[in-house]
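Engineer: This structure is in structure tokens; I'll ask about it shortly.
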Amino acid sequence: TFQEILAYYILIALLRLTINEGTGMAFQTTNEIKEGTITPYLTRPFSYPLRQFVDVLAKTTLNIAIVVPIVVMASMFLGLGEYLPHGIAIVYGVAWSLLALLLYIVIYFLVAVLSFWLDRVESYIYAVIVLSNFFNGSLIPLDVFPPWFVTISNWLPFKYLMFVPIQAFLGRQTFSGIDMVIGLSWLIVLSGLIAILWQKGLKQYESQGI
């Protein structure tokens with residue numbers, strides 16, 4: 001129905017305005033690596049990736065406090081109260097959104113780490129944003145695409161950024177075993193790649209005498 005479609009895109013806006021801080025973090029990390037302003041952080045007794053992680057969590061918390069009440073009031077004004085998440089759907093939605101937040105962080109931090117070796121990494125970040133928007137259901141819900149497209153998206157990490165959390169909030173997604181395994185597997189694999197590339201990148205950074 002029209003109301004369900006409207007609720008879907010309202011939830012997309014909600015997630016974009018709350019958990020999508022990984023993209024901004026990627027641009028910040030890229031600039032700090034390229035300009036050498038990352039150096040002071042490397043001399044401090046804590047991990048730079050951890051610092052970025054905590055920063056994203058802080059911004060996300062602030063976003064939630066500001067955006068959620070506004071979205072709820074707007075939805076009530078539009079007569080979408082019955083389509084808002086309620087009961088166990090909120091629990092599922094929050095759980096999947098937490099996974100989405102972590103995936104946003106690791107996906108975009110991984111791209112940003114390439115700044116140790118490559119120029120104009122911003123272009124790669126924009127490319128990932130476009131690819132993500134295409135496969136995460138934020139442009140068009142994934143279930144209206146042909147089966148072959150859905151099959152591909154099922155094995156990529158992007159649908160866990162938007163489509164799955166939204167389906168959970170709408171009461172259409174629970175803790176599906178295969179989805180949870182795939183989502184967590186991507187989180188673990190990407191985190192491992194970050195750990196490897198970060199250490200190699202620091203050696204590259206130090207070898208240049210910066």
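Engineer: Calculate one ³J(HN,Hα) per residue across the range 108-120 by plugging θ = phi - 60° into the Karplus curve 6.51 cos²θ - 1.76 cosθ + 1.60, and present them in order as whole Hz with x for glycine and proline.
Structural biologist: Each residue's phi maps through the Karplus curve to give 7, 5, 4, 5, 5, 4, 4, 4, 5, 10, 10, 8, 6 Hz.
Engineer: Right, here's the next one. With a 1.4 Å probe and all protein chains left in place, how much of the accessible area of the chain comes from carbon and sulfur atoms, in whole percent?
Structural biologist: 70 percent
Engineer: Kindly express, to the nearest 10 degrees and within the range 0 to 90, the angle between helix 121-135's C-alpha long axis and the longest C-alpha principal axis of the chain.
Structural biologist: Helix 121-135 sits roughly 20 degrees off the main axis of the chain.
Engineer: Using the heavy atoms of the protein chains alone and a 1.4 angstrom probe, what is the accessible area of the chain per residue in square angstrom?
Structural biologist: With the other protein chains kept in place, the chain gives 52 Å² per residue.
Engineer: Let me ask another. Which residue fluctuates most in the GNM of the chain (Cα springs below 10 Å): A100, A89, A127?
Structural biologist: A127
Engineer: Sticking with this structure for a sec: Nearest 10 degrees, 0 to 90: what angle lies between the long axis of helix 22-35 and the longest principal axis of the chain (Cα atoms)?
Structural biologist: 10 degrees
Engineer: May I pose another question? Can you give the translational diffusion coefficient of the range 40-103 in µm²/s, computed by Stokes-Einstein from the Kirkwood radius over Cα pairs at 4 °C and 1.567 mPa s?
Structural biologist: Value of D from the Cα-based Kirkwood radius: 91 µm²/s.
Engineer: How would the range 83-160 be classified by its alpha-carbon gyration tensor: rounded, prolate or oblate, with rounded meaning a/c under 1.5 and the a/b versus b/c comparison settling the rest?
Structural biologist: In terms of gyration-tensor shape, oblate.
Engineer: Measure nothing but the geometry: give the 0 to 90° angle between the long axis through the Cα atoms of 2-18 and the longest principal axis through the Cα atoms of the chain, rounded to 10°.
Structural biologist: It is inclined by approximately 20 degrees.
Engineer: Compute the longest continuous run of the chain that contains no exposed chymotrypsin sites (Phe, Trp or Tyr not before Pro); treat a site as exposed when its DSSP state is not H, G, I, E or B and it has at most 10 other Cβ atoms within 10 Å.
Structural biologist: Longest stretch, sites excluded: 47-154.
Engineer: For every helix of n ≥ 4 consecutive DSSP H residues, a contribution of -39,500 (n - 2.57) applies; sum these over the chain, divide by its total residues, and give [θ] at 222 nm rounded to the nearest 500 deg cm²/dmol.
Structural biologist: Computed mean residue ellipticity for the chain: -24000 deg cm²/dmol.
Engineer: Count the lysine pairs in the chain whose Cα atoms sit under 25 Å apart, keeping only pairs 8 or more residues apart in sequence or on different chains.
Structural biologist: The result is 4.
Engineer: Sticking with this one: Work out Dmax and Rg for the range 1-97 from the C-alpha atoms and quote the Rg first, both in angstrom.
Structural biologist: 17.8, 56
The values are calculated or read from the model by the stated rules, or taken from the named source; none is laboratory data. None of these values were measured; they are calculated from a predicted model. Cβ coordinates were reconstructed from backbone atoms using ideal geometry, including for glycine residues, and neighbour counts include every protein chain displayed. For accessibility, only protein heavy atoms count, side chains too; no ligands or nucleic acids. Shrake-Rupley method; radii C 1.70, N 1.55, O 1.52, S 1.80 Å.
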